[in-house]
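Below is one structure, written out as structure tokens; comments come after it.
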Amino acid sequence: ELSEKINTAGEMSRIARIGHDGVLSILMLSMYLALMLTMSPLLTLVCLILIIGLGLCLTWSIRKFKRLGIELAGSSIETSTVIVEFLNASRMLRIFGATRYANKIIRARRRLMIEVNRKALVLKATIAPTVEIFTVMVLATFLIVGYIVLDSATESIPSLFLFVLVLHRAMPQVQGLGLTLGSIAHVVGGLRVVGELMRRDDKEFLKTGGIKFDKVFSQIKLEDMTFYHSGESVPALSDIDIVLSRGKTLAVVGPSGAGKSTLADLILGLRQPGTGRVLVDGIDLSELNREHWLHMVGAVDQDVFLLNDSIANNIRFGLEGLPQEQVVDAAKLANAHDFISNLAEGYETKIGDRGIRLSGGQKQRIAIARALAKKPELLILDEATSALDSESERLIQQTLNRLKNSHMVLVIAHRLSTVMTADEVIVLDKGNIVERGEPEKLRTSGGAFSLLWKTQVEANK
């Protein structure tokens, strides 16, 4: 939908050309009317009345153009949306045998878009013939009436013919003005779509400052922080107080929907807290330059996104010119080097759209390598080991243990076995911190973490 809106915004350059033609038509028509007025005020008044009548007739077409333009913009967005969705769900379509169904939906949306566009083109094509027929009828009427009514017709006919000639030259400007108004009405739908995209009053904007945090930071503090999702009355996070320290690993666990990923987004600066602050060595995160801050943070999401490019380029994503040696080092840290080396083209292997040629565990290890290639001060792993087998998870855990002596690490996990080496565990439930402490003590405390442990780990033994 956003891509289609961007394309629509590109089409808005047509307005400049349409406006130019409209202004030119108005200027030329004004000149012709002034000339006609000097020749015969009475006939000019009659012409103006006729032109106004024609304009009123064209008003219906312009309203129709506007409605069709809005319909066309909407149907174009809907068509692009279903096409992109089905292209991204090709595996699901095959599994469910639904390719014919997808084809039917896409065709139906395209037919609707084409039909709306056809109506608009037909309507636009009728304007020019209508104005031309009207022009011929007006000119013929002037000649006949002028010849019959005017006194001294023989002497008046040359002047009448001159007036008609000027009127004949003026009518194409009327036609051009009608087409301009119709074209403007036709793009009004696109203007409305772009206008909604550009509105500021219905969007949340992140505060960002200009401070570049060049030094190594030692602490991140979330202070009395509350966050609401847009339109929600119940907070996603409530009264959160957390401290992340250098050389320490903090783990956050809890059921789905507890607010774990939202917490990571707030630390990254991708969301703005409703109340409270995120402090980096005492400086409010909103005062920091966001681009510079994000360069100091490495993050691996639970939904790994890889480009249809080589493995090396995926690892060095956002780090143009990163030497191959550092790419390999990051892959080794993420336990990805061995499987990459066994591929036919090694680090130059193309992995397909969203990494479709790789397994889930391989994709996540490349994503971890991509985060480590930045040499981040803070490493955030949001369910980053969820798709790894036990052996790969153990090796990744060894990597984290090496990093935590010099880095700040935040681990968000469902699998509790991955957080047992953390320095502190925080248990979230419905946006509230219900328990915190060392993992081993929490495991035997009989509290929320202990219950999760019994449910997840001991039940699988």
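The values are calculated or read from the model by the stated rules, or taken from the named source; none is laboratory data. Just so you know, these numbers come straight off a predicted model, no measurement behind them. In this analysis, Cβ positions are derived from the backbone assuming ideal geometry, glycine residues included, and neighbour counts consider all displayed protein chains. Areas reflect the complete protein model, heavy atoms only, side chains present, ligands, DNA and RNA absent. Shrake-Rupley method; radii C 1.70, N 1.55, O 1.52, S 1.80 Å.
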Subject >> Qualifying positions in the stretch 245-263 - touching a strand residue (DSSP E or B) at 6+ places or on another chain (Cβ under 8 Å) and closer than 18 Å to Val434 by Cα >> reply: Leu250, Ala251, Val252, Val253, Gly254, Pro255, Ala258, Gly259, Lys260, Ser261, Thr262, Leu263
Original post:
Counting only residues that are β-branched (Val, Ile, Thr), touching a Ser or Thr at 6+ places or on another chain (Cβ under 8 Å), under 14 Å from Met225 (Cβ atoms) and surrounded by 19 or more Cβ atoms within 10 Å (Cβ to Cβ), how many does the stretch 249-277 have?
Top reply: 0
Original post:
For the stretch 294-306, how many residues are over 26 Å from Ser406 (Cα atoms) and either without any contact (Cβ under 8 Å) to a residue 40 or more places away in the chain or basic (Lys, Arg) (or both)?
Top reply: 1
**OP:** Could you tell me whether the stretch 429-440 includes any residue that is outside any loop (DSSP other than H, G, I, E, B), under 37 Å from the mean Cα position of the chain (by Cα), β-branched (Val, Ile, Thr) and at pLDDT 85 or above?
**Re:** yes
**OP:** Note down all Cβ pairs under 8 Å where the first residue falls in the stretch 43-62 and is closer than 12 Å to Ile127 by Cβ, the second is among the aromatic types (Phe, Trp, Tyr) and in a helix (DSSP H, G or I), and they're at least six residues apart or on different chains.
**Re:** Leu54/Phe134
Subject >> Of all residues in the stretch 349-372 being charged (D, E, K, R) and not in a helix (DSSP H, G or I), the one that is least open to solvent (accessible area, probe 1.4 Å) >> reply: Lys350
Subject >> Which numbered condition Leu68 misses (of (1) within 32 Å of the chain's Cα centre (by Cα); (2) open to solvent by 80 Å² or more (accessible area, probe 1.4 Å)) >> reply: (2)
Subject >> Filter pass, Ile62 being open to solvent by less than 50 Å² (accessible area, probe 1.4 Å) and in contact with a Ser or Thr (Cβ under 6 Å, 6 or more places away or on another chain) >> reply: no
Original post:
So which residues in the stretch 221-235 are of a type outside the set (D, E, K, R) and open to solvent by 20 Å² or more (accessible area, probe 1.4 Å)?
Top reply: Tyr228, His229, Ser230, Gly231, Ser233, Val234, Pro235
Subject >> Per-region count, the stretch 79-116, residues buried (at least 17 other Cβ atoms within 10 Å of the Cβ) and not aliphatic (A, V, I, L, M) >> reply: 4
Original post:
Which of the residues spanning the stretch 20-42 are over 26 Å from Ala140 (Cα atoms) and touching a residue at least 24 places away in the same chain (Cβ under 8 Å)?
Top reply: Asp21, Gly22, Leu24
Original post:
Applying the selection to the stretch 335-354, what residues are more than 31 Å from the chain's Cα centre (by Cα) and in contact (Cβ under 8 Å) with a residue 40 or more places away in the chain?
Top reply: Asn335
Original post:
Do we have any residue at all in the stretch 403-421 that's part of a loop (DSSP other than H, G, I, E, B), closer than 30 Å to Asp281 by Cβ and modelled with pLDDT of 85 or more?
Top reply: no
Original post:
Filtering the stretch 278-319 down to residues that are acidic (Asp, Glu) and farther than 14 Å from Ile211 by Cβ, which residue is least open to solvent (accessible area, probe 1.4 Å)?
Top reply: Asp309
**OP:** Go through (1) on the phi > 0 side of the Ramachandran plot; (2) surrounded by 16 or more Cβ atoms within 10 Å (Cβ to Cβ) and name the single condition Gly346 misses.
**Re:** (2)
**OP:** Among what's in the stretch 286-309 and is charged (D, E, K, R) and modelled with pLDDT of 85 or more, pick the residue that is nearest to Tyr347 (Cα to Cα).
**Re:** Asp309
Original post:
Among Ile380, Ile412, which is at negative phi, touching an Asp or Glu at 6+ places or on another chain (Cβ under 7 Å) and either crowded, with 21+ Cβ neighbours inside 10 Å or in contact (Cβ under 8 Å) with a residue 40 or more places away in the chain (or both)?
Top reply: Ile412
